[in-house]
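Trainee: First the structure, which I've put down as structure tokens, then a few questions once you've had a look.
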Amino acid sequence: MNLKEDDELCRRALQSGTVLLYHKLSPLLQRTDRGGYKLPIFQVSVVNGMLEKLGKDAEVINSSVLVGCSDSLLAQFCLEVAELEQNAVEELCQGVFTDLRKAFFLLRSSEVPLVTRGQALLRWHQTHSYCSATGKPTQRNQAGSQRVCHSSGITYYPQMAPVVIVLVSDGERCLLARQPAFPRGMYSALAGFCDMGETVLETLRREVAEEVGLEVESAQYSSSQHWPFPQSSLMVACHATVSPGSSQINLSGAELEDARWFTLQEVQEALQRNSPPRDIKGEANVFWVPPSSAIANQLIQEWANQQLKS
Ligand SMILES: NC(=O)c1ccc[n+]([C@@H]2O[C@H](COP(=O)([O-])OP(=O)(O)OC[C@H]3O[C@@H](n4cnc5c(N)ncnc54)[C@H](O)[C@@H]3O)[C@@H](O)[C@H]2O)c1
Ligand SMILES: [Mg+2]
């Protein structure tokens with residue numbers, strides 16, 4: 001917290017901190033010896049060395065934004081290097097700037113929260129460099145935890161839009177749906193943004209009614225997750241039930257391409273597949289679910305475990 005409030009302290013923490021690199025909001029990933037990918041976290045001295053080799057001003061490092069703190073209490077920052085030549089940075093850092101949606105599938109689940117938080121903060125700075133009341137430029141603090149318009153006195157803080165994601169069950173099966181933009185064969189839980197003033201339960205009931213025409217009987221909170229797409233959301237994940245006698249799906253609106261009830265066996269098979277399945281090429285509609293780093297996966301897993309117990 002002190003690092004957010006105290007510019008000088010934050011500046012000093014940066015000198016001994018670590019940095020994640022992004023190019024146009026795509027994080028830098030490195031190949032591992034086992035053919036997978038990892039998220040490299042660089043010492044600031046390494047990034048300074050890279051800037052020097054590229055003939056860039058050492059001041060660039062001060063535009064880093066504080067993302068968090070490691071287990072060993074080292075401050076962690078993220079840095080947008082869009083002004084540097086992408087290939088040159090990739091070569092010097094032995095990595096590849098990778099679209100975040102792809103990185104989601106490539107990284108370990110434990111690496112995902114940090115990389116998404118970094119991108120969300122960098123994106124927020126890029127889209128809040130002017131005051132929406134005066135049109136004048138805003139100034140960030142050293143941590144990048146706020147921006148101030150000195151003309152209007154307004155302080156802006158990074159924001160998230162609340163979204164409810166809900167796995168609906170009729171006791172025997174669970175309901176999964178797909179949007180046209182989803183990768184082929186992937187089905188996920190229903191989701192929707194909270195309207196202004198709504199409670200989580202009100203959003204949940206409305207979204208289920210709007211998207212699949214079902215009336216929720218009961219609902220229960222599960223967990224939450226920050227989600228970087230399309231801007232920054234706080235996903236509030238819930239389980240819900242509908243009465244088995246009223247489980248007729250009625251797709252409405254253009255948002256969903258399909259919604260179906262899936263049996264426990266179908267869901268178990270999908271959970272065991274890679275996300276996305278490697279054998280998908282050429283095959284029609286292999287059913288699969290979002291990767292374990294997505295909270296939808298966690299809801300589906302919890303539902304399957306619950307079904308196995310009962
Ligand atoms: N983490 C996961 O496992 C997971 C799974 C499913 C969906 N999601 C995410 O949940 C979010 C919401 O799902 P959805 O697309 O079905 O929502 P939705 O059903 O509310 O429909 C999206 C539409 O809502 C409108 N909207 C209202 N408020 C908005 C806001 N603050 N930002 C953007 N659009 C807004 C837009 O017209 C948009 O097209 C998406 O970002 C999606 O990526 C995450
Ligand atoms: Mg939706």
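A short reminder: the numbers here are calculations on the coordinates, not readings from a lab. Everything numeric here is computed off the predicted structure, so don't read it as measured data. Quick reminder, even Gly has a Cβ in these numbers, built from the backbone with ideal geometry, and neighbours come from all protein chains shown.
Trainee: For the chain, which cysteines have no second Cys with its Cβ under 4.7 Å from theirs?
Mentor: Within the chain, the cysteines lacking a partner Cβ under 4.7 Å are C10, C69, C78, C93, C174, C194, C238.
Trainee: Let me ask you something else. Where Lys and Arg each count +1 and Asp and Glu each count -1, what net charge lies around Q306 among other residues with Cβ under 14 Å from its Cβ?
Mentor: That works out to -1.
Trainee: Can you sort Y22, Y37, Y157, Y221 from fewest to most other Cβ atoms within 10 Å of each residue's own Cβ?
Mentor: Ranking Y22, Y37, Y157, Y221 by Cβ neighbours within 10 Å, fewest first, gives Y157, Y221, Y37, Y22.
Trainee: Output wanted: per-residue J couplings in Hz (rounded whole) for segment 195-204, from phi through Karplus 6.51 cos²θ - 1.76 cosθ + 1.60, θ = phi - 60°, x for Gly and Pro.
Mentor: 6, 3, x, 6, 8, 4, 5, 5, 4, 4
Trainee: Just order 3-10, 72-79 by mean Cβ neighbour count inside 10 Å, highest at the front, would you?
Mentor: Packing proxy ranking, top to bottom: 72-79, 3-10.
Trainee: Note down the net charge around A254, summing +1 for each Lys or Arg and -1 for each Asp or Glu among other residues with Cβ under 14 Å from its Cβ.
Mentor: Working: positive: R178; negative: E210, E211, E255, E257, D258.
Combined, the nearby Lys, Arg, Asp and Glu give -4.
Trainee: Show me the ranking of peptides 286-292, 131-137 by mean Cβ neighbours inside 10 Å, starting with the highest.
Mentor: 286-292, 131-137
Trainee: If you don't mind, there's one more thing I want to ask. Counting only DSSP beta bridges with both residues in the chain, tell me the antiparallel percent, nearest 5.
Mentor: Of those bridges, close to 70 percent are antiparallel.
Trainee: Okay, next question. Would you please give the FRET efficiency between R140 and Q86, computed as 1/(1 + (r/R0)^6) with r the Cβ-Cβ distance and R0 = 25 Å, to the nearest 0.05? Mind dumping the intermediate values first?
Mentor: Values: r = 24 Å, r/R0 = 0.96.
Rounded to the nearest 0.05, the efficiency is 0.55.
Trainee: Do any trypsin sites (Lys or Arg not before Pro) in segment 180-235 lie in a DSSP loop with no more than 16 other beta carbon atoms within 10 Å, and if so, which?
Mentor: Within segment 180-235, the qualifying trypsin sites (Lys or Arg not before Pro) (loop, at most 16 other Cβ atoms within 10 Å) are R184.
Trainee: Counting only pairs 8 or more places apart or on different chains, how many lysine pairs in the chain have C-alpha atoms closer than 27 Å?
Mentor: Lysine pair count for the chain: 13.
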